[in-house]
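Shown next, in structure tokens, is the structure this report addresses.
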Amino acid sequence: MDFSVGTLNFLANIGIMLPYVLILAKWQQTQSETYLMALVAFYISRAASIFYTKRLNLKSSTYLILSLTLGAAGSLIFAFTSQLGWLVVGSLLWGYSAATIWPYFLTVKLHLTHTANFKMKRLYWLIFALLGLIIGADILAQFNYTLTFILLGGLYLAALPGGLLLNNFTSDFYRSAPHQVHGLSQTWRWILSLVFFGVLAVLTTLRKATIILPSWITLTIIGAALIILIVELIADWHVLPSFKMRLLNRGFLVSLVLLFNSFFAYFYLGNAGMYAVFGVYLVGFETGHPVFTLLGRHRPHQARQYSLISLMAGQLLLLIPWVGSYLLGLLLITLYVGYDNPTINETLYGLDSIDADSAIIHKYRFSTYGGLLCQLVMFGLLVAVSAGTHLSLLDFFKPSDTNHFGLYFYGLSWPLVFVSLLISIGNLHSLPTEKQAIQSK
């Protein structure tokens, strides 16, 4: 049972990214249109699932078991077939699991932490490390990822007993908590969602393959998607009234660092750029909370002020075309994200105005809104810049030299950072009052 819970911990932590990375690696290895379509289907499923997962009105602990089951099905499909139809089905199932496994695991963990003093054992993290080494060995040995797909399918199944155990442990919480209904009855929102995620499918394909569309058509598509995104945001505006901007900011920042800069870093550091960005992100994300907690002398209000100073200093440093200020700027931004993430988890979970079983899902919904906003702005800028200079979109996503550094720095990076800075400034009103800080402490 300890192995099962440790495996669940492992899958919850890596489940949002590892399937995407493996399908991407499989496509890069084969250059097959089949795997490209599977990759696009996975990406869209992962983006859409976080918005509609609560519509079945199940408990988070039940959703966690469902996520594990669908994750097992998705990974095993990739292990045993390469037929397009099955791979698309596998991508849809695996995409749902990738989007929801961490929010539901975190929700269940918070339930147990507040009702039964539940803590993750050190053994769980040892299992995490061992499983990571096994998957890393398969990738380095180039076993065509079949071993990893099979292993992951087995791990999802091995984690099911742990999920069932946690489900049993949360029974007292659900007996005392009121049942919340999360319906989505507006037909127009379903239709808009289909259009929006269709647009994302087109943009994701343009990022991966050489498909030529007139610039005005692409910009029209992006403009329509932005309008739909704004309409959806307005429709959800009543949820989390005091935290929407903060969560939108978080999503925009994560996409700015992990999506845009994983490509743009090539123009600073060559092929090592993407790895440098991921490394900086991991350092900042893991150390942000302890760093600002110490700087703020364990006073939440002061720690948050320092984190916001770090954020804005990092954004300003990204406006300087020098590799040193670039890496430092990314680090300062990710330190803010690392501090804000656990802080807002606890704050949202403890709010009386929101159902505790849905708080984390709402967090990731609004964070995803911010991430999608960043992607649409980035694509709009890239299409405009590429059309004006007669370059292909793939010259940014698959660069072969750094000759266009100035073009992408001033045409893409500067505007994105300025938009991010404006959102951060609009987020300043979310600073906690002294009374809230004392209560939080």
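Any read-out appearing in this document is the output of simple, stated calculations on the displayed coordinates, not a laboratory observation. Note that this is a predicted model, so its numbers are computed, not measured. Neighbour counts are summed over all protein chains in view; Cβ atoms, including those assigned to glycine, are modelled from backbone coordinates with ideal geometry.
Going by the alpha-carbon gyration tensor, a ≥ b ≥ c the square roots of its eigenvalues, is region 269-337 rounded (a/c under 1.5) or, if a/c is not under 1.5, prolate (a/b greater than b/c) versus oblate? Oblate is the answer for region 269-337, as a/c is 1.5 or above yet b/c matches or exceeds a/b.
Straight-line cross-link partners of K398 among the aspartates and glutamates, defined as a Cα under 18 Å from its Cα and at least 8 positions apart when in the same chain: E33. The distance between label points at I150 and I212 comes to 4.4 nm (points 7 Å beyond Cα on the Cα→Cβ vector).
Expressed as a rounded percentage, what relative contact order does the chain have, with Cα pairs under 8 Å and six or more residues apart?
Relative contact order comes out at 19 percent.
Can you tell me how much longer the chain between L258 and E346 gets when fully stretched, taken as 0.36 nm per residue apart minus their C-alpha distance, in nm with one decimal? Each step should come with its number before you reach the end.
Working: separation 88, 0.36 × 88 = 31.68 nm, distance 2.43 nm.
Separation in residues times 0.36 nm, less the Cα-Cα distance, equals 29.2 nm.
Between I14, I344, I234, the residue with the greatest mean-square fluctuation in the GNM of the chain (Cα pairs under 10 Å linked by springs) is I234. Extension gain, L194 to E33, is 55.7 nm, computed as 0.36 nm per intervening residue step minus the present C-alpha separation. Scanning the chain for DSSP H helices at least 20 Å long along the axis (C-alpha atoms) with a Kyte-Doolittle mean no lower than -0.5 picks out 33-52, 60-80, 84-116, 122-141, 146-169, 187-208, 215-235, 273-295, 300-317, 323-349, 359-389. Taking region 304-333 and a reference point 7 angstrom along Cα→Cβ of A272, the backbone N atoms nearer than 19 Å belong to 322-331.
Here the contact order of region 1-104, divided by its residue count and restricted to Cα pairs under 8 Å and six or more residues apart, works out to 40 percent. Between W27, W237, W414, the GNM of the chain built on Cα springs shorter than 10 angstrom shows W237 fluctuating the most.
If the segment from K398 to T115 were pulled out straight at 0.36 nm per residue, it would be longer than the present Cα-Cα gap by 96.9 nm. Put the Cα centre of region 143-170 next to the Cα centre of region 338-416 and the gap is 30 Å. Label-to-label distance, L24 versus I320, with points set 7 angstrom from Cα along the beta-carbon direction: 2.9 nm.
Summing charges over neighbours of L247, with a neighbour being any other residue whose Cβ is under 12 Å away from its Cβ, gives +3 when K and R count +1 and D and E count -1. Quick check on region 15-117: take the gyration tensor over C-alpha atoms, sort the square-rooted eigenvalues as a ≥ b ≥ c, and tell me if it's rounded (a/c under 1.5), prolate or oblate. Because a/c hits 1.5 or more and a/b exceeds b/c, region 15-117 counts as prolate. Quick check: from the Cα gyration tensor, does region 229-344 come out rounded (a/c under 1.5), prolate or oblate? The shape class here is oblate.
Using the Cβ-Cβ distance between A201 and L126 with R0 set to 35 Å, the FRET efficiency works out to roughly 0.30. GNM on the chain, alpha-carbon springs under 10 angstrom: the most fluctuating residue among L64, L56, L319 is L56. Remark: spin-label model distance V231-T287 equals 4.6 nm, labels positioned 7 Å along the Cα→Cβ axis. Using just its DSSP H runs of length 4 or more, each adding -39500 (n - 2.57), the chain gives a mean residue ellipticity at 222 nm of -25500 deg cm²/dmol after division by all residues.
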